[in-house]
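One structure is given below, encoded as structure tokens.
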Amino acid sequence: MSKNSYTYGSGAFGEWIQDEYGLPAYRYTLDQTTDNRALAPCNPLWRNPRDHFHQIGNDRVLALASNYGYVQLRQDEGAPKLLNDFYPPDGQYGGGIGYLADTDCFLSTYYDGNNPDFERTFGIGYYRKRVSNHKYHIDQIIFAPYGDAPLLISQVNVTNNTPNEVALRWIEYWGCQHHQLSYRAFMQAYFFGIAMKQSIGKTASRRRDFSKRFKSSFSTQLDGRALLNKQVFLGRSIADKALWMLMQALMATVFRNLTGGAVSMHEQAEFDDLAPPALFLAALDQLPHAFTCDPVSFFGSGHAPSPSMS
């Protein structure tokens with residue numbers, strides 16, 4: 001136990017501590033990958049029952065920091081949405097995951113339970129990950145700067161614990177597949193499920209189907225220091241349009257007592273953000289060696305703890 005730790009209220013997941021800023025923080029120590037005390041009563045269609053998260057942010061944005069080591073940035077202008085989805089079946093792993101590699105050694109800031117020297121701290125306004133092996137130590141802090149700047153900063157310090165000079169690569173992953181928290185998708189899943197006497201747990205998949213209706217384009221900015229992502233809406237699918245018309249008919253008839261009738265909207269109003277903001281990823285200290293915009297080639301046959309490209 002840390003000399004600045006507190007047993008009261010700490011629980012099974014870790015311990016309350018006082019950080020170097022004199023503020024309360026929670027050091028998460030439980031291995032949620034194997035310990036069933038991590039199981040939470042939540043719908044697995046929405047989130048892994050072992051996935052616990054901490055909220056950080058500023059006046060403009062907030063982010064969800066997971067005990068697995070990834071971070072999701074949420075933005076509500078236009079419509080509520082997560083700007084970087086976490087959905088492994090689609091090769092999407094949120095963001096804020098770092099990889100340190102040399103010719104024969106590899107270290108990741110994604111927590112999979114296989115490294116006992118992995119420390120996670122949920123602090124006031126920040127998420128800190130410290131991870132070590134026999135050669136190196138990584139100290140990564142992810143935070144939103146004070147004020148209303150719509151961004152997150154990932155600050156990384158790497159320590160070489162060997163007596164030798166080494167050539168290292170630092171690779172940092174941030175996804176950009178958004179996941180809009182669409183109320184339209186919820187209504188479609190809910191009322192269609194009731195009408196067809198089926199499971200109504202299709203909201204997440206319908207939201208992800210909608211997010212795939214956007215085409216991404218990438219360009220480098222600031223003389224190669226930054227990468228800009230723009231997403232253009234390709235329009236609703238025929239199946240989505242047909243389902244929405246069916247929902248309107250059901251709300252106007254079968255579910256009229258529950259809904260008050262069909263949805264009446266202004267012609268320029270939408271439940272979703274059809275023109276999401278451009279996203280950027282920038283290196284603040286030096287020119288990055290390369291960018292990649294293809295998660296399939298990056299992760300390959302690997303996954304978040306160990307992508308094939310690494």
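The values are calculated or read from the model by the stated rules, or taken from the named source; none is laboratory data. Worth saying up front: this structure is predicted, and the values here are computed from it rather than measured. Methodologically, a virtual Cβ is constructed for each residue, glycine included, from the backbone with ideal geometry; neighbour enumeration extends over all protein chains shown.
Quick grid of which residues meet (1) modelled with pLDDT of 95 or more; (2) in the same structural domain as residue 170 (by TED's automatic domain parsing); (3) surrounded by fewer than 22 Cβ atoms within 10 Å (Cβ to Cβ); (4) over 20 Å from residue 273 (Cβ atoms):
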residue	(1), (2), (3), (4)
68	yes, yes, no, yes
71	yes, yes, no, yes
75	no, yes, yes, no
87	no, yes, yes, no
137	yes, yes, yes, yes
154	yes, yes, yes, yes
157	yes, yes, yes, yes
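Of all residues in the stretch 28-65, those that are within 24 Å of residue 208 (Cβ to Cβ), among the hydrophobic types (A, V, I, L, M, F, W, C) and surrounded by 15 or more Cβ atoms within 10 Å (Cβ to Cβ) total 6. The condition of being within 24 Å of residue 56 (Cα to Cα) and of a type outside the set (A, V, I, L, M, F, W, C) holds for only one of 120, 184, that being 120. What tally of residues in the stretch 208-237 results from selecting those that are under 17 Å from residue 270 (Cα atoms) and among the β-branched types (Val, Ile, Thr)? Number satisfying all stated conditions: 1. Per the listing 103, 159, 121, the residue uniquely in a strand (DSSP E or B) and over 16 Å from residue 64 (Cβ atoms) is 159. Determine if the stretch 220-229 includes at least one residue that is charged (D, E, K, R), under 21 Å from residue 76 (Cα atoms) and loosely packed, with under 15 Cβ neighbours inside 10 Å. Checked against the condition, which is being charged (D, E, K, R), under 21 Å from residue 76 (Cα atoms) and loosely packed, with under 15 Cβ neighbours inside 10 Å, the stretch 220-229 yields no hits at all. When the stretch 262-283 is filtered for residues that are surrounded by 13 or more Cβ atoms within 10 Å (Cβ to Cβ), over 26 Å from residue 229 (Cβ atoms) and not aliphatic (A, V, I, L, M), nothing remains. Among the residues of the stretch 30-50, none qualifies, meaning not one is of a type outside the set (Lys, Arg) and closer than 30 Å to residue 147 by Cα.
Filter the stretch 131-145 down to the residues that are of a type outside the set (Gly, Ala, Ser), over 19 Å from the mean Cα position of the chain (by Cα) and in a strand (DSSP E or B) and list them by number.
Of everything in the stretch 131-145, those that are of a type outside the set (Gly, Ala, Ser), over 19 Å from the mean Cα position of the chain (by Cα) and in a strand (DSSP E or B) turn out to be 131, 136, 137, 138, 139.
Does residue 217 count as under 21 Å from residue 85 (Cα atoms) and either in contact with a Pro (Cβ under 7 Å, 6 or more places away or on another chain) or free of Cβ contacts under 8 Å to residues at least 24 places away in the same chain (or both)? For residue 217, the condition - under 21 Å from residue 85 (Cα atoms) and either in contact with a Pro (Cβ under 7 Å, 6 or more places away or on another chain) or free of Cβ contacts under 8 Å to residues at least 24 places away in the same chain (or both) - is met.
Every condition in (1) among the aliphatic types (A, V, I, L, M); (2) within 26 Å of the chain's Cα centre (by Cα); (3) over 30 Å from residue 97 (Cβ atoms) is met by residue 252 except one, and the failing one is (2). The single condition among (1) touching a residue at least 24 places away in the same chain (Cβ under 8 Å); (2) more than 28 Å from residue 298 (Cβ to Cβ); (3) touching a Pro at 6+ places or on another chain (Cβ under 9 Å) that residue 37 does not satisfy is (3).
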